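Enquirer: Right, I'll just put the structure down here and ask away after.
Just so it is clear, none of the values below were taken in a lab; they were calculated from the coordinates. Just so it is clear, the model here is predicted, and its values are computed rather than measured. Because the Cβ atoms are built from the backbone with ideal geometry, glycine has one as well, and the counts that use them run over all protein chains shown.
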Amino acid sequence: MDLFHDTFYKSAQQYPHNIALCTTEYGQELQFSYQELLNITTHWSQYLLPLNTHYNPIAIYGGKQWQMYAGILAILQTTAAYVPLNNKQPADRNCSILKQINCQILLVAAGEDPSQLLLHSQPMTVVYLGRDTPQWLHSIEQSSHHRTVNITQENPIVSCKIEPPLTNNTAFCGSHPAYILFTSGSTGVPKGIAVSHNNITEHLFNLHKLLQLNANDRVSQFFELSFDLSVHDMFSCWSTGAALYVVPNQYLLCPITYIKQHQLTVFSAVASTLSFMDKLRQLTPEQLPDLRISCFGGEKLLTSQALKWQHCAHNSRVINLYGPTECTITATSYELNLDDIPLSASVPIGKPLNNVIAVLVKDNQIVSQKNTLAELYLAGEQLVSGYWADDIKTAQSFITCSLSNTHLQRENLSKQALTRFYKTGDMVYLDEQHNIVFHGRNDHQFKVSGHRVESAEIEAALLSFHQDISWATVKLMSKSSNAKSNHIVAFIEVAKHVIDHSQLNNAPLNSKSLRKYCVEKLPLYMVPDQFILTEHLPRNLSGKVDVKQLKTLLTDA
């Protein structure tokens, strides 16, 4: 299996004149057909091949410029793995990633300045993808530390009617990584997850059966390229000949206008995007008649907000997707049904995709009873081999165990897939229909006065209190190193008008009313000591709540 040839190239052969990519840069909309994008990426890959004789992973640096997408395709065409470096991340973090992959080639998108990144990195070839020659490129050329190459997209020399060479890498096989994504590590060092060509093509096969995209679809590209749901966007689109529309940053919090303008038919986003739109009263009925598929993932999808979106995009299937990067993006799915609305506060994550095994484990035993909290284990052909160059972390999270085969019968699964599991760290339970419901992280547990507390339970109580609460995150926090000063803090996202009136004694939503409600719903030891109401909870690049930044709200309160 080869991700480039099995997805993009075959679509370019079949749909050469279809739009493959649409981006908006400096206020101007740019469109590339499959044939144009294939010509450019083949031209670039021919430059890269002789520079990367050992087929090391190739890093690419930038944001969402069109060169980033073309660069990813060019890297894949050489059968090397791509490693996206986000220009919003600190230089030290990106340097750490370059060091871990022993990077020899760095692609840089137009308009970017990687000077700080290159100051402390190992010697490498820097390939600039813009037409201009920026000052930083001159500086590198004068240094013996790095080598530079300036590629332009002018006069591409290959037609998409000519099959691009597969490279001279005769040792290539489907188990080689297609991309490596780095997540935050518990020790502060980014942790690399290498996803193979076999992993992602297996995922795409499962995704096609679920979503049934076609060449007439207009698909959103919502996520940062360093977030694995970007792979979902790109390759589910390109494998069907559909058009990929990169959502500009100004529309990320409220993309409805962009969806309308471009008549998108497929939209994917993190679940908390709905909370922003809900707070702005944007989720009014029957606004988005062209949408036929809406996918949400990355975090809990609140049932109340999913229902509002369903009425907003009334012709759309609303699908909740769940899956860690370690199991290649999506492992389970659940489709909202207005005739059978979930009773849980959050939409279930559903049932596993074909050839994915999902089991609930408690005390080393598989749990099949309903409403019993347990950790979710995953297995199957989508499971990655482990963490990049880190056998210790791999051994901690990926285990081989002899669970009863009566629970694991699946066709077309290797013996290894049946016995090798990834411990997700996610606590889940089975509802009355045996759908899996996400409850919270097992590392979101904490102890108060000897009692074990799940933050998700407090969050669920807060969300049920008032319709103006769009999101809630609960943490055990401390203002000093003294453990006795630990107290439960509830960070609550609400509309601005609520904050403006929260100091009034008769306000329906303030700290006093919240505390009274929690006392009624929760044991006393679980009632938050502090309630912080804010219009915007801090978010990271993936759109999730940035836990590290919550302390700034605590300081300001």
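Enquirer: Applying a 10 Å radius around every beta-carbon, put 334-347, 282-295, 71-84 in order of their mean neighbour count, most first.
Expert: Final packing ranking: 71-84, 282-295, 334-347.
Enquirer: Which whole number of Å³ per residue matches the convex hull of the alpha-carbon atoms in the range 92-138?
Expert: Measuring per residue, one finds 73 Å³ for the Cα hull of the range 92-138.
Enquirer: Can I ask one more? Can you give me the Rg/Rh ratio for the range 254-313, using Cα atoms for both radii and the Kirkwood formula for Rh?
Expert: 0.91
Enquirer: Stokes-Einstein diffusion coefficient for the chain at 37 °C in a medium of 0.692 mPa s, Rh from the Kirkwood formula over Cα pairs: what value in µm²/s?
Expert: After rounding, the answer is 132 µm²/s.
Enquirer: Volume per residue, Å³, of the convex hull around the alpha-carbon atoms of the range 449-556?
Expert: Roughly 114 Å³ of hull volume per residue.
Enquirer: Sticking with this structure for a sec: Just report the Cα centroid separation between the range 1-48 and the range 254-285, whole Å.
Expert: Between the Cα centre of the range 1-48 and that of the range 254-285, the gap is 27 Å.
Enquirer: For the range 259-402, state the average projected area of the convex hull of the C-alpha atoms over all orientations, rounded to one decimal in nm².
Expert: Averaging across all directions leaves 11.0 nm² for the Cα convex hull.
Enquirer: State the Cα centre-to-centre distance between the range 60-124 and the range 181-253 in whole Å.
Expert: If we compute the Cα centre of each part, the gap is 18 Å.
Enquirer: Sort out for me the Cα centre separation of the range 364-383 from the range 297-339, rounded to whole Å.
Expert: 20
Enquirer: Another question, if that's okay. Could you give the length gained on full extension between ALA345 and GLN530, defined as 0.36 nm per residue of separation minus the Cα-Cα distance, in nm?
Expert: Going from the current span to full extension adds 64.3 nm.
Enquirer: Taking the Cβ of each residue in ASP529, ASP426 as the centre, tally the other Cβ atoms inside 10 Å and list the residues starting with the fewest.
Expert: Ordered from fewest to most neighbouring Cβ atoms within 10 Å, ASP529, ASP426 come out as ASP529, ASP426.
Enquirer: Under 19 Å Cα to Cα from LYS88, which aspartates and glutamates show up? Leave out anything in the same chain fewer than 8 places away.
Expert: By straight Cα distance, LYS88 reaches GLU25, GLU112, ASP113, GLU224, ASP228, ASP546.
Enquirer: Taking the Cα atoms only, what angle lies between the long axis of helix 91-100 and the longest principal axis of the chain, rounded to 10 degrees?
Expert: The two axes meet at around 60 degrees.
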